[in-house]
Amino acid sequence: MRKSISKYLNIRDDQITVTNGADEGLDIVSKIFIDKYTDTIISTPTYSYYNIITKIMGGNTISISRKEKFIDDIENILKTIKKKNNIVFLCSPNNPTGNCIKQKSVIRLLTETDSIIVVDEAYVEFSGNSLINLTNKYDNLIILRTFSKAFSLAGARVGYIVASKKMIDLLNKVRPPNSLSVISLALADIALNNLENVNDNIKFIVNEREKCKNFINNISGVNVFPSEANFLLIKFNNIKSDIIYNLLLKQGLIVRNFNNIKGLENCLRFGIRNSQENNILLNAISEILNKN
Ligand code: PMP
């Protein structure tokens, strides 16, 4: 598997370790780097598991709110990193806001601090903005990847970590030896041997995403945020997202409601699917807004 991924990424196979989904990658990283003396710095709102694993390992989470357009507040993160025992979790493209972090911002964190910098690239294939090239240069950078999103293999549970050889050797010390089934590895291998299909699928999703974004831009009462992932985040202006969420649910349309998350009030997120399914959802949202 490492050899196949190495060929796919054009990176040495000793810079890769394979995990049971990106979530196990996060578990492994937290086992090595988080204990009760650790401050975990999280750029919020973001994927909830970074906070959960910090708590499981007894560490302390420091949330740094994103700036306008959900841009990571690098100045504030740098100011917050005062002592050595820090780990920073970044997500690019970020779940659920869809925006990417700038390479130069990550380089600042890597060069101006001693912290471990984790960049979760679960959705990166939809953006093409990877930071993997930096793992040759910086030992404190850890990149998480997965077959769950662009490769459509969420149920197979295959992810991987890319970092320097030194970092991979360290992470391998705590990696469970038998957490991946041969069946899952075979599925991931099939996907890597059919990159043309995978890439066609990515192109299709990106195209649909932009079509959905344009459609929503023409509905009044709702804003859509630019996204480089396979989902869109939308914000309602004059109606509670809880109401929309429940009305959609009644029609069998399941989206994610973020109304109770700081910075995402009145926001819903939905995954991009095929044209017909996307139209059903968008028309339902449009109708609800017309009636309420
Ligand atoms: N990171 C992010 C940002 C995610 O959204 C997810 C999926 N919810 C994961 C990691 C976990 O993915 P996996 O299925 O590979 O464990």
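By the gyration tensor of its Cα atoms, with a ≥ b ≥ c the square roots of the eigenvalues, what is the shape of segment 1-75: rounded for a/c under 1.5, prolate for a/b over b/c, or oblate?
Details: a/c = 2.67, a/b = 1.50, b/c = 1.78.
Because a/c hits 1.5 or more and a/b fails to exceed b/c, segment 1-75 counts as oblate.
Checking the a/c ratio against 1.5 first, then a/b against b/c, what shape does the Cα gyration tensor give for segment 177-292?
Details: a/c = 2.49, a/b = 1.85, b/c = 1.34.
Note, shape of segment 177-292 comes out prolate.
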Each label point is 7 Å from the Cα along the Cα-to-Cβ direction; what then is the distance between the points at residue 275 and residue 242, in nm? 3.9 nm
Give the separation of the Cα centroids, segment 121-162 to segment 40-61, in Å. 19 Å
Aspartates and glutamates whose Cα lies under 14 Å from that of residue 82, excluding same-chain neighbours fewer than 8 positions away: 39, 112, 114
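Too long at a 20 Å Cα-Cα cut-off: which of 3/203; 79/104; 102/137; 55/149; 55/104? Provide the component values of the computation, followed by the final result.
On the way: 3/203 26 Å; 79/104 17 Å; 102/137 17 Å; 55/149 26 Å; 55/104 30 Å.
Those over the limit are 3/203; 55/149; 55/104.
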Using amide H atoms built 1.01 Å from N in the peptide plane, name the residues 5+ places from residue 91, or on other chains, whose amide H lies under 5 Å from its own. 120
Just check the chain against the gyration tensor rule for me: Cα atoms, a ≥ b ≥ c as the square roots of the eigenvalues, rounded for a/c under 1.5, and otherwise prolate or oblate depending on whether a/b exceeds b/c. oblate
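A short reminder: the numbers here are calculations on the coordinates, not readings from a lab. Quantities reported herein were computed from a predicted structural model and do not represent experimental measurements. Reconstructed Cβ throughout: ideal geometry from the backbone, glycine too, with neighbour counts over all protein chains shown.
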